[in-house]
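The values are calculated or read from the model by the stated rules, or taken from the named source; none is laboratory data. These numbers were taken from a predicted model, which means no experiment stands behind them. Note: ideal-geometry Cβ built from the backbone for every residue, glycine included; neighbour counts use all protein chains shown. Please note that ligands, DNA and RNA were not included when accessible areas were found on the heavy atoms of the full protein model with its side chains. Shrake-Rupley method; radii C 1.70, N 1.55, O 1.52, S 1.80 Å.
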Amino acid sequence: MKVSIMMAARNAAPYIADAIGSLLRQRDAAALDIVVVNDGSTDGTGDLVRSLALADVRLIDQPPRGVTPTRNVALSAIAPDADFVTVLDADDLMPLGRLARDL
């Protein structure tokens, strides 16, 4: 089973590594496809995500457009073999076991 997770990010450098880490701890529940769309951040958010160099995380950079267009970009990039799709904001954490419970 594969779950795609959409994450819109704008100037989220202080939080995004923890947010992504909270998702990666859910790997026991399903295969993950994390799509981070960097919405014109000026604080190094995109560079930070790139530095993580994780196979489960794809980064899309774009000029600032706002959260709704950014989520639409993420939605259009969802893996075609994804069984489920969810959203996590770049400054939020997914509690351990949440994905397994949701599924």
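For residues that are in a helix (DSSP H, G or I) and without any contact (Cβ under 8 Å) to a residue 12 or more places away in the chain, tally how many sit in region 14-60. Even if it seems obvious, please write down each step before you answer.
Start the filter on region 14-60 by keeping residues that are in a helix (DSSP H, G or I), which leaves 16-24, 45-52.
Going one step further and asking which of them are without any contact (Cβ under 8 Å) to a residue 12 or more places away in the chain, we end up with 21, 47, 50-51.
Number of matching residues: 4.
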Any chance ASN11 is at pLDDT 95 or above, outside any loop (DSSP other than H, G, I, E, B) and of a type in the set (S, T, N, Q): no
Quick check: anything in region 88-98 at pLDDT below 95 and part of a loop (DSSP other than H, G, I, E, B)? no
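Against the definition (crowded, with 18+ Cβ neighbours inside 10 Å, within 11 Å of the chain's Cα centre (by Cα) and under 17 Å from ALA8 (Cβ atoms)), how does LEU88 come out, yes or no? Full working, then the answer.
Details: crowded, with 18+ Cβ neighbours inside 10 Å: yes; within 11 Å of the chain's Cα centre (by Cα): yes; under 17 Å from ALA8 (Cβ atoms): yes.
Answer is yes for this residue.
Counting just the residues of region 1-58 that are of a type in the set (Lys, Arg) and out of contact with any strand residue (DSSP E or B) (no Cβ under 7 Å at 6 or more places or on another chain), which one comes out most open to solvent (accessible area, probe 1.4 Å)? Show your work before the answer.
Going through region 1-58, the residues of a type in the set (Lys, Arg) turn out to be 2, 10, 25, 27, 50, 58.
Checking which are out of contact with any strand residue (DSSP E or B) (no Cβ under 7 Å at 6 or more places or on another chain) leaves us with 25, 27.
Working: ARG25: 138, ARG27: 122 Å².
Filtering first and then ranking leaves ARG25.
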Cross-chain or 6+ apart pairs with Cβ under 8 Å, region 92-103 first and open to solvent by 70 Å² or more (accessible area, probe 1.4 Å), then of a type in the set (A, V, I, L, M, F, W, C) and part of a loop (DSSP other than H, G, I, E, B): LEU103/MET1; LEU103/ALA29; LEU103/ALA30
If we scan region 61-74, do we find a residue that is in a strand (DSSP E or B), under 13 Å from the mean Cα position of the chain (by Cα), among the β-branched types (Val, Ile, Thr) and surrounded by 13 or more Cβ atoms within 10 Å (Cβ to Cβ)? no
Verdict on ASP81 being open to solvent by 20 Å² or more (accessible area, probe 1.4 Å), in contact with a Phe, Trp or Tyr (Cβ under 6 Å, 6 or more places away or on another chain), part of a loop (DSSP other than H, G, I, E, B) and on the phi < 0 side of the Ramachandran plot: no
